[in-house]
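Here's the structure we're looking at; comments come further down.
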Amino acid sequence: MASSPQSPQPQAPAQDALEISRQSRILAALSKKVIDLDELRMLAAQGVPDGAGVRSTVWKLLLCYLPNDRALWEQELAKKRSQYEAFKDEFLSNTVGGNTAIRGPEGHSGGNAEHVQNGSLDRSEIAQDEHPLSLGKTKEWNQFVEYSEMIEQVDRDVKRTHPDMHFFCGDSSFAKSNQESLKNILIIFAKLNAGIRYVQGMNEILAPLFFVFRNDPDYKNANFAEADSFFCFVELLSGLRDNFCQKLDNSAVGIQGTLSKLMQLLRKYDGELQHHLEIRTEVNPQFYAFRWITLLLTQEFNFADTIHIWDTLLTDPDGPQETLLRICCAMLILVRKRLLAGDFTSNLKLLQSYPPTNIGHLLYVANKLQ
């Protein structure tokens with residue numbers, strides 16, 4: 001399971017030199033008037049050095065939030081951040097008591113006000129034919145109930161996001177502010193994407209983006225982390241949305257199709273292991289890889305390692321899925337000896353609680369599977 005970022009371990013001189021070299025190359029790539037995205041992807045795939053203070057900028061470029069022409073950055077950021085504020089005005093508002101008020105699915109209220117007080121409508125605000133005890137339940141009431149349930153689910157999940165990290169959890173005003181930003185993003189996303197809305201686990205995918213952007217060394221960028229995270233979250237999910245669409249679960253493009261692709265990849269590179277897992281011990285990838293794939297490995301490694309994995313995941317211009325499948329396949333190959341010696345119970349336990357591993361080596365093996 002994910003844990004708080006660990007302190008950097010002492011590095012050998014050769015490693016220090018390599019880190020400094022990678023850092024200088026990335027800084028040089030970012031300093032160009034027009035950034036070569038192919039070059040940046042190649043450099044970022046090897047990992048973005050933590051000390052460079054540029055991961056936020058790199059991720060925004062990889063997710064096409066920032067244009068590669070630096071001269072357009074200020075204008076583009078101002079436009080997107082203003083657009084996000086408009087979304088907040090349209091879809092979110094605050095009551096006097098500080099509770100979030102739900103507006104209609106199109107972002108505006110109907111004939112009856114829909115102010116939420118402690119999660120429920122005041123009796124006087126509900127028309128007779130919209131009251132839950134009325135025989136004629138209307139579309140508006142059903143929509144209100146659905147959105148109330150969705151917001152309650154978002155609130156529960158956000159409060160469970162990395163409970164071991166003070167950045168996300170705790171009684172500090174900073175943690176509570178970060179939680180509020182996560183909730184705002186997820187609710188606005190759900191209202192703008194009615195076909196998917198909110199699916200449990202989206203908070204875990206949003207968390208690394210918000211963490212990186214909120215910790216941008218540039219104070220102004222850090223203050224706009226919520227808006228920047230929203231648009232990058234939308235872009236990231238655009239390449240993964242079929243995995244979250246329940247109607248597509250059993251189709252070739254849904255999560256079952258994605259799990260099948262993982263097994264096909266494993267069969268190609270290690271047929272013996274694939275046969276042992278799927279046929280001999282009957283360990284269905286649904287039991288372990290469903291979480292790996294839908295949550296982009298955010299629950300399998302500590303948070304610092306997850307960030308480094310995402311440096312590589314985000315470099316694929318066609319979206320993270322193919323790179324993600326290679327990393328998942330490499331995870332299986334790296335523990336093949338234990339899997340081949342194991343039965344259903346031991347293998348399932350191993351894969352549902354993946355052991356600590358050298359992330360650099362994992363990514364190296366995954367890269368060889370292209």
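Each reported figure results from applying straightforward, stated rules to the coordinates on display, with no laboratory input. Here the structure is a predicted model, which is why all the values come from computation and not from measurement. Here the Cβ is made from the backbone with ideal geometry for all residues, glycine too, and neighbour counts use every protein chain on show.
Numbers at a glance
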quantity: For residue 227, net neighbour charge (Lys/Arg +1, Asp/Glu -1) across residues whose Cβ lies under 15 Å away; calculated: -3
quantity: Convex hull (Cα only) mean projected area of segment 195-239, reported in nm² to one decimal; calculated: 3.3 nm²
quantity: Radius of gyration, Dmax [segment 139-293; alpha carbons; angstrom]; calculated: 18.6, 56
quantity: For segment 307-357, diffusion coefficient by Stokes-Einstein and Kirkwood Rh (Cα), 37 °C, 0.692 mPa s, µm²/s; calculated: 268 µm²/s
quantity: Gain on full stretching of the segment that runs from residue 180 to residue 39 - 0.36 nm per residue minus C-alpha separation; calculated: 47.1 nm
quantity: Mean Cβ count within 10 Å, highest first, over the residues of peptides 77-90, 216-229, 304-317; calculated: 304-317, 216-229, 77-90
quantity: Unsatisfied cross-links (Cα-Cα over 27 Å) in the set 60/261; 33/60; 33/220; 159/337; 88/220; calculated: 60/261; 159/337
quantity: Mean Cα-pair separation over length for segment 216-365, i.e. relative contact order, pairs under 8 Å, 6 or more apart, %; calculated: 23 percent
quantity: Net charge of neighbours whose Cβ lies under 15 Å from the Cβ of residue 58, counting Lys and Arg as +1 and Asp and Glu as -1; calculated: -3
quantity: Net charge, residue 152 excluded, C-beta distance under 12 Å - Lys, Arg +1, Asp, Glu -1; calculated: -1
quantity: About the Cα centre, charge dipole magnitude for segment 138-281 (Lys/Arg +1, Asp/Glu -1 at Cβ), debye; calculated: 300 debye
quantity: Mean Cβ count within 10 Å, highest first, over the residues of peptides 208-215, 61-68; calculated: 208-215, 61-68
